[in-house]
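> Before I ask anything, here is the structure I am working with.
The values are calculated or read from the model by the stated rules, or taken from the named source; none is laboratory data. As the structure is a computational prediction, the values presented were derived from the model and not from experiment. FYI the Cβ positions are ideal-geometry reconstructions off the backbone, even for glycines, and counts take in every protein chain you see. Only protein heavy atoms, including side chains, enter the accessible area calculation; ligands, DNA and RNA are left aside. Shrake-Rupley method; radii C 1.70, N 1.55, O 1.52, S 1.80 Å.
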Amino acid sequence: MEKTTRVRKWIPCPVYDVEAMESWLGDLAAQGWFLEEDGIFGPWAYFLPGPPRPAAYRLTSSLSSPDFTGPEEENQELCAAYGWEYQARRGAFFIYRAVGADVRELDTDPQTQALVLRAVHRRTLDRAAGMVVTGLITPLFLQWREGTLDLLLQYPGYWAVPFAAVLWFLGLVLAGCRHYRRLRRHLQEGRPLDHQKPWQPGARRRLGTLLVTALLLGGLVVWLVVGLTVLS
């Protein structure tokens, strides 16, 4: 029996670009690669090989479910009745797949989709606010620790790394908010989502974003190690 080999691919679409994600997954299905169940981990997605065939992917809101869980069984059964099978969760969205050309859409009302994106937008803004508070208050609190204020005065650039990381991740969150707002206005005008949106133009920018993020995370680790060494 031939062994089924899965492949790992980095995701070239930011978590907030719903249209690009759907288009990318559909293009891979046409090439014979299908998203594995629960096959998304951070910036990576895992795919299983199969005969190339048309397959549609749709992202729906996951805000009604606890983090790191899938949709309720009742919702999965309802979607399955229309030919849609749950595949994975990514951020604030569940990913469903339907194989075949003639499949009923999961969401047909742009106004309803706009309301859903509004809720996602608000949650993203809340997280941005929490990030700002944490990024500003935590360093100030740490300064009151014995020796930390002296470290700050002696090495003023010591806080450059955490502040840069906070600003970078805040910028990513705000970029998502801007995209959600633009997409919501598009839906409020009665225009449907573009499920075939070209995803290739943003792939290089996405790769650059991942590289900068990895560098900042590595810098934070070094920053913590150096800080603990100096203060010990």
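> Does the stretch 7-50 hold any residues that are out of contact with any Pro (no Cβ under 8 Å at 6 or more places or on another chain), loosely packed, with under 13 Cβ neighbours inside 10 Å and assigned to a loop (DSSP other than H, G, I, E, B), and which are they?
Correct list: Gly42 only.
> Right, something else. Across the stretch 72-95, which residue is farthest from Ala55 (Cα to Cα) among those that are of a type outside the set (Gly, Ala, Ser) and in a loop (DSSP other than H, G, I, E, B)?
Step one: list which residues in the stretch 72-95 are of a type outside the set (Gly, Ala, Ser), which gives 72-79, 82, 84-87, 89-90, 93-95.
From what's left, in a loop (DSSP other than H, G, I, E, B): 72, 82, 84.
Working: Glu72: 23, Tyr82: 14, Trp84: 10 Å.
My answer is Glu72.
> I would also like to ask the following. If a residue must be open to solvent by 80 Å² or more (accessible area, probe 1.4 Å) and assigned to a loop (DSSP other than H, G, I, E, B), how many such residues does the stretch 178-226 contain?
Let us first name the residues in the stretch 178-226 that are open to solvent by 80 Å² or more (accessible area, probe 1.4 Å), namely 178, 181-182, 185, 188-189, 191-192, 196, 198, 200-201, 204-205, 211, 215, 217, 221-222, 224-225.
Right, trim to assigned to a loop (DSSP other than H, G, I, E, B) and you get 189, 191-192, 196, 198.
Result for the stretch 178-226: 5.
> Restricting attention to the stretch 67-84, which residues are more than 16 Å from the chain's Cα centre (by Cα) and surrounded by fewer than 13 Cβ atoms within 10 Å (Cβ to Cβ)? Write out each step before concluding.
Initially, the stretch 67-84 is screened for residues more than 16 Å from the chain's Cα centre (by Cα), giving 71-84.
Once the filter is applied, which keeps residues that are more than 16 Å from the chain's Cα centre (by Cα) and surrounded by fewer than 13 Cβ atoms within 10 Å (Cβ to Cβ), the stretch 67-84 yields Glu72, Glu73, Glu74, Glu77, Ala81, Tyr82.
> Going by what's in this entry, would Arg53 be described as closer than 24 Å to Lys9 by Cα, surrounded by fewer than 19 Cβ atoms within 10 Å (Cβ to Cβ) and in contact with a helix residue (DSSP H, G or I) (Cβ under 8 Å, 6 or more places away or on another chain)?
In short, yes.
> If I go through the stretch 96-154 residue by residue, how many of them are of a type in the set (Phe, Trp, Tyr), at pLDDT below 65 and outside any loop (DSSP other than H, G, I, E, B)? Spell out how you get there, then give the answer.
Looking only at the stretch 96-154, we keep the residues that are of a type in the set (Phe, Trp, Tyr), and these are 96, 141, 144.
With at pLDDT below 65 added as a condition, the list becomes 141, 144.
Cutting the leftovers down to outside any loop (DSSP other than H, G, I, E, B) gives us 141.
Going through the stretch 96-154 one residue at a time, the tally reaches 1.
> Right, here's the next one. If you check every pair at least six apart or on different chains, which have Cβ atoms under 7 Å apart with a residue in the stretch 69-84 that is free of Cβ contacts under 8 Å to residues at least 24 places away in the same chain first and a residue that is open to solvent by 50 Å² or more (accessible area, probe 1.4 Å) and assigned to a loop (DSSP other than H, G, I, E, B) second?
What qualifies is Gly83/Arg104.
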